[in-house]
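Data block below; observations after.
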Amino acid sequence: MRMKSILTTGAIGALAGAAALVALTTGASAYVVCNDAGDCWHSTVKYTYPDVKVVYYDDNWDWKVKHYRWHEVTGDYGYWDSTKNAWVTVHPAQPGEPTPDDPH
């Protein structure tokens, strides 16, 4: 009976380790997003804003070289408004609604 318990515990441990490895190797894509005033933040989506110019860089892009400013923000859909020094949340279009980058 003890051997069965050891094997069961070992199997559970192996499955947990495999699940952790998969979780670590399948990370979501991330971007460094910067506006034309030099304010930057992280995002996992690319979104076209109708009145705001932003540039998307790979996640490992070094924004410090450009002397840009970093902002920790909550949410992917939004942008940093440099004139207000504040995060502006933009709600993405729901299915069937036009998006800002769709021609009307």
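Quick rundown of the values:
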| read-out | value |
| --- | --- |
| Ranked H42, H67, criterion: other C-beta atoms within 10 Å, fewest first | H67, H42 |
| Fraction in percent of alpha-carbon pairs per bin - 10 Å, the stretch 31-89 | 24, 63, 13 |
| Of the trypsin sites (Lys or Arg not before Pro) in the stretch 48-91, those whose Cβ has at most 14 other Cβ within 10 Å and which sit in DSSP loop | K53, K84 |
| Fully extended contour minus Cα-Cα distance, from Y57 to D81, at 0.36 nm per residue | 6.8 nm |
| For T44, net neighbour charge (Lys/Arg +1, Asp/Glu -1) across residues whose Cβ lies under 12 Å away | -1 |
| Stretch gain in nm, segment V88-H67, where the contour uses 0.36 nm per residue and the Cα spacing is subtracted | 5.3 nm |
| Phi to ³J(HN,Hα) by Karplus 6.51 cos²θ - 1.76 cosθ + 1.60 over the stretch 63-74, Hz, x for Gly, Pro | 5, 5, 4, 7, 6, 7, 9, 9, 10, 7, 10, 10 |
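Just so you know, all these numbers are worked out from the coordinates, no wet-lab data involved. All of these numbers come straight from a predicted model, not from anything done at the bench. Cβ sites come from the backbone with ideal geometry, for glycine too, and all protein chains shown count toward neighbours.
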